[in-house]
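What follows is one structure encoded as structure tokens, with my remarks underneath.
Here, each number is a calculation from the coordinates, and none is a lab measurement. The structure presented is a predicted model; accordingly, all values stated were derived computationally and were not measured. So basically every Cβ, Gly included, is an ideal-geometry build from the backbone, and we count neighbours across all protein chains shown.
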Amino acid sequence: MNRRGAVLALAALGALPLSARAQQARKVWRVGLLSPGFSLSNLDPRNLFQQRMHELGYVEGKNLVMERRFADNKLERLPGLAIELVRLKVDVIVAAAIAATSAARKATSTIPIVMLHAGDPIGAGLVASLARPGGNVTGTTSMIPELGAKQVQLIRELVPRIAKLGVLVNPTNAGTAQWLANVTDAARSFNIRLVTAEVTRAEDFQQAHTMLRDARSDGLLVLGDPLIFGNRARIMEFAASARLPASYDLGQIVRDGGLLSYGTVFAEHYAMGADYVDKILRGAKPVDLPVEQPRKFEMVINLKTAKALGITIPQSLLVRADEVIQ
């Protein structure tokens, strides 16, 4: 090759990255958001996803199109909604909780999926491990092994003489088995008997509540999932009528009228999810992005609910609470 040809070749090679960057800048990205619940409200933590995306340079109407699909707490709708997003050829699917992530994963093995606060992604078969996801799914998990034990300790502190503890769970949620095993071990160490009531659909709540009432439990632990969160008003109404001290893992339930909660700060998962999406849109592969566990936890106590139940919250709990609702 003569000198002129070599110069031209080098110039062409040098121009490729610039051309690629220019194309990247002009790209309009299409991101799908799949959720088991309802559409966004001003107070919804999912808004932090949009805020963080904006901070990262993605603006709807300019270089970002958001395709939102919400199942309105009808989980049977999720597979169809996931297929809709695949047909729209979105660049990334952001899926909230195990139910939505599983639906998305069944709909596509090629489009990157960012899961948010998934209960047990390994048990659900969504990832091979947290460090090495191994497929097209990565994101955040809300589960840590000791969470159930911590919740048992707190309800025991709230009800020192507790002998029988009711537990309300959705057994179809992939995170339930690990959490329940942890709760069982902790309860055994305190000589507390468990009464477990299961719900897999909205019609099951009445029977579950009857079972817990008849068992004369001294307290109640509730493991949150889309079905339970969607029916939280019924659970709180039951706890109030049974005068049952109830502890949840979702702070929002306590803000809505529940008594006590301890669990991950769900809002942070949406901001973290935006960071995952940004990395993927810049070329990273889900297989190379480890799943992140919760960084922040919160305890929320509702004194108004405690007063209605005739319960005095110990000072030891109040001083450790992140939020006390008067």
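Details
- Considering only Cα atoms, the convex hull volume of the stretch 50-165 works out to 162 Å³ per residue.
- Overall form of the stretch 131-239 per C-alpha gyration tensor (a/c, 1.5; a/b vs b/c): oblate
- Reduced Cα scattering model of the stretch 188-268, Debye log10 I(q)/I(0), q = 0.11 Å⁻¹: -0.28
- For semi-axes √(5λ) of the Cα gyration tensor in Å, the candidate list reads [x] 45, 19, 18; [y] 38, 22, 21; [z] 28, 21, 20; the entry that matches the value derived from this model is [x].
- In a fully extended conformation the segment linking ASP322 and VAL287 would gain 9.1 nm over its present Cα-Cα distance, using 0.36 nm per residue.
- A simple spin-label model places the labels of THR312 and THR210 3.8 nm from each other, with each point 7 Å out along Cα-to-Cβ.
- Sequence-distant aspartates and glutamates (8 or more away, or on other chains) whose Cα lies within less than 18 Å of LYS74: GLU84, GLU198, GLU203, ASP204, ASP225
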